[in-house]
Amino acid sequence: MFCPIGCDPRGRYALNLAGRPPFGKWVPRDKSCHIRRSQPSPSRGFALACAQQKETLMRAILERLLSFDTVSSKPNIALMGYLQDLLAEAGIDSTLIPDPSGGKANLYATVGPQGVPGVMLSGHTDVVPVEGQAWTVSPFALTEKDARYYGRGAADMKGFAACAIEAMVLAAKRPLKVPLHLALSYDEEIGCMGVRSLIDMLEAAPIRPRMCIVGEPTAMQVATGHKGKIALRATCVGREGHSALAPLALNALHLAADFVGVVRGLQARVAATGLRDGDYDVPYSTLHVGKLNGGVQVNIVPNSAVIDFEIRSLAGEDTEALIADLRAGAEAIVAPLRAEFPETEIRIERLWDYPGLGTPSDAGVVNFVKSLTGANGTIKVAFGTEGGLFDARLGIPTVICGPGSMAQGHKPDEFVSVEQIERCRAMLAELVDRCVAGF
């Protein structure tokens with residue numbers, strides 16, 4: 001039996017970064033630099049001889065992906081280097097799009113004919129922190145038990161990434177008429193930030209993907225939409241003083257508390273009278289305060305407080321009107337205080353945002369992916385994805401469909417079931433067959 005990548009006598013892959021050759025040369029394109037790994041000689045390519053090897057490949061990839069600590073605050077370049085080598089061994093050319101530090105990167109790869117729009121499989125490589133969580137298994141290692149794969153990112157979303165990478169490797173040995181693209185990004189968990197340089201690259205490309213499947217966990221249901229998000233900050237400025245003379249100062253934390261009341265009041269109004277979409281668990285747009293910082297110690301009246309909050313909006317929601325209402329509420333708080341405290345203010349700034357996704361339920365991409373999974377209906381998801389950016393900036397029809405559930409994501413002992421992974425692998429195998437047939 002032939003085994004790729006140094007398979008040991010028991011048939012398990014020894015995927016090792018030791019001796020990995022350096023990246024290819026830097027090629028400037030527009031305002032970013034891309035690292036391109038050329039294809040190896042055909043003799044180094046994969047030969048998958050039996051179904052057991054295919055199983056081992058997916059599991060081996062997942063095991064390695066989970067072993068990389070790619071919490072968003074840390075680099076992901078080692079993981080991306082491993083993936084470039086893995087793809088190169090299969091004869092697949094890939095491109096890295098690094099961030100300015102060089103510690104993080106997006107990856108884009110294609111198998112199949114050039115000059116033809118294909119199907120893009122998209123996911124992210126970063127994960128959320130594990131600090132403060134009571135894990136019973138190692139978070140950065142694969143633990144398989146009770147028909148589940150455990151590890152940080154198993155559900156969100158290295159399980160899908162392992163399936164997608166395996167599909168690319170298998171597709172590289174098939175006579176595709178429609179290409180398959182792989183897009184893996186960084187810093188998704190902090191606002192879909194990293195993928196934007198990959199979108200810049202695709203925006204300048206002569207041909208863009210025909211459609212996109214974002215593999216976030218949906219229990220393999222086809223999701224057509226998610227809410228958009230705007231992250232905001234309110235900086236409250238008061239006047240410091242000794243707490244023994246507190247009434248003579250202006251407490252910025254009190255201003256912040258009053259502004260939180262404005263946010264909550266607007267949320268109540270939106271919930272009662274705003275737009276509604278019954279496809280969501282929460283059928284209206286939401287406003288949420290996530291962080292409040294201020295003060296030095298108890299005997300000092302604080303002169304500054306900062307509130308971080310967000311709006312998650314339905315398609316069609318007038319978010320600018322909501323922000324205008326918040327500004328008006330802030331002004332109503334500080335206006336009566338300016339005569340005595342002219343420096344007082346509540347300054348609202350927009351930190352970052354990503355658009356929602358609202359693919360029509362009868363769109364071609366929806367019907368196509370439903371035909372791959374056997375699904376009859378569609379859903380919408382509460383969490384955001386890069387899919388809204390692909391749709392808004394590139395016009396790529398997009399759905400969300402991946403293994404596992406977000407109910408397991410971001411928690412201790414995160415897992416994805418073997419059954420969900422196998423359903424995802426079956427969907428992607430059918431996708432490869434369709435790309436061979438030309439749809």
- [ ] Identify, among LEU245, GLY316, GLY438, the residue whose Cα sits farthest towards the positive end of the charge dipole of the chain, taking +1 on the Cβ of Lys and Arg and -1 on the Cβ of Asp and Glu, with the dipole about the Cα centre.
- [x] GLY438
Task: Dipole of the chain [Lys/Arg +1, Asp/Glu -1 at C-beta], most positive-end residue of ALA88, TYR186, ILE213 - done: ALA88
Task: Assigned charges on the beta-carbon of Lys, Arg, Asp, Glu; region 111-222 dipole about Cα centre (debye) - done: 620
Open item on the list: As I understand it, the value is the acute angle between the Cα axis of helix 252-273 and the longest principal axis of the Cα atoms of the chain; what does it come to in degrees, rounded to 10?
Closed with: 60
Task: Extension gain from ALA426 to ALA321, taking 0.36 nm per residue of separation minus the Cα-Cα distance - done: 33.3 nm
Task: Semi-axes of the equivalent ellipsoid for the chain, Cα gyration tensor, largest first, Å - done: 45, 24, 21
Open item on the list: Once R0 is set to 56 Å, what does the formula 1/(1 + (r/R0)^6) return for the Cβ-Cβ distance between ALA219 and ALA335, expressed as a FRET efficiency to the nearest 0.05?
Closed with: 0.65
TODO: Can you work out the accessible area per residue across the chain, with the rest of the protein chains kept in place, probe 1.4 Å, in square angstrom?
DONE: 43
- [ ] For region 175-255, calculate the relative contact order in percent as a whole number, restricting contacts to Cα pairs under 8 Å that are 6 or more residues apart.
- [x] 13
Open item on the list: What do you get for trypsin sites (Lys or Arg not before Pro) in region 261-310 restricted to DSSP loop and a cutoff of at most 16 other Cβ within 10 Å of the site's Cβ?
Closed with: ARG276
Open item on the list: Under 8 Å for C-alpha pairs, at least 6 residues apart: give me the relative contact order for the chain, rounded to a whole percent.
Closed with: 20
Open item on the list: Can you give the Rg/Rh ratio of region 46-182, where Rg is from the C-alpha atoms and Rh is the Kirkwood radius?
Closed with: 0.99
Task: Considering only the chain, percent of DSSP beta bridges that pair antiparallel, nearest 5 - done: 75
- [ ] Summarise the accessible area of the chain (1.4 Å probe, protein heavy atoms) by the percent that is carbon and sulfur.
- [x] 53
TODO: Return one number: the angle in degrees, 0 to 90 and rounded to the nearest 10, between the long axis of the Cα atoms of helix 51-67 and the longest principal axis of the Cα atoms of the chain.
DONE: 30
Open item on the list: Quick check: residue separation of VAL418 and LEU248 times 0.36 nm, minus the Cα distance between them. What number comes out in nm?
Closed with: 54.8 nm
Task: region 187-280, Cα convex hull volume normalised per residue, Å³ - done: 201
TODO: Report the label-to-label distance for LYS145 and ALA271 in nanometres (one decimal), using points 7 Å from each Cα along the Cα→Cβ vector.
DONE: 4.0
Open item on the list: Using +1 at the C-beta of Lys and Arg and -1 at the C-beta of Asp and Glu, which of VAL369, VAL260, ASN303 has the Cα lying farthest in the positive direction of the dipole of region 257-397?
Closed with: VAL369
Task: the chain: calculated mean residue ellipticity at 222 nm from DSSP helix runs of at least 4, using -39500 (n - 2.57) - done: -9500 deg cm²/dmol
Open item on the list: For a Förster distance of 41 Å, can you work out the FRET efficiency between the beta-carbons of ALA392 and GLU343, rounded to the nearest 0.05?
Closed with: 0.55
Task: Rounded FRET efficiency, nearest 0.05, which uses the C-beta distance separating ALA363 from ASP258 and R0 of 45 Å - done: 0.50
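The values are calculated or read from the model by the stated rules, or taken from the named source; none is laboratory data. The structure displayed is predicted, hence computed values, not measured ones. Heads up, the Cβs are rebuilt from the backbone with ideal geometry, glycines too, and the neighbour counts pull from every protein chain shown. Only protein heavy atoms, including side chains, enter the accessible area calculation; ligands, DNA and RNA are left aside. Shrake-Rupley method; radii C 1.70, N 1.55, O 1.52, S 1.80 Å.
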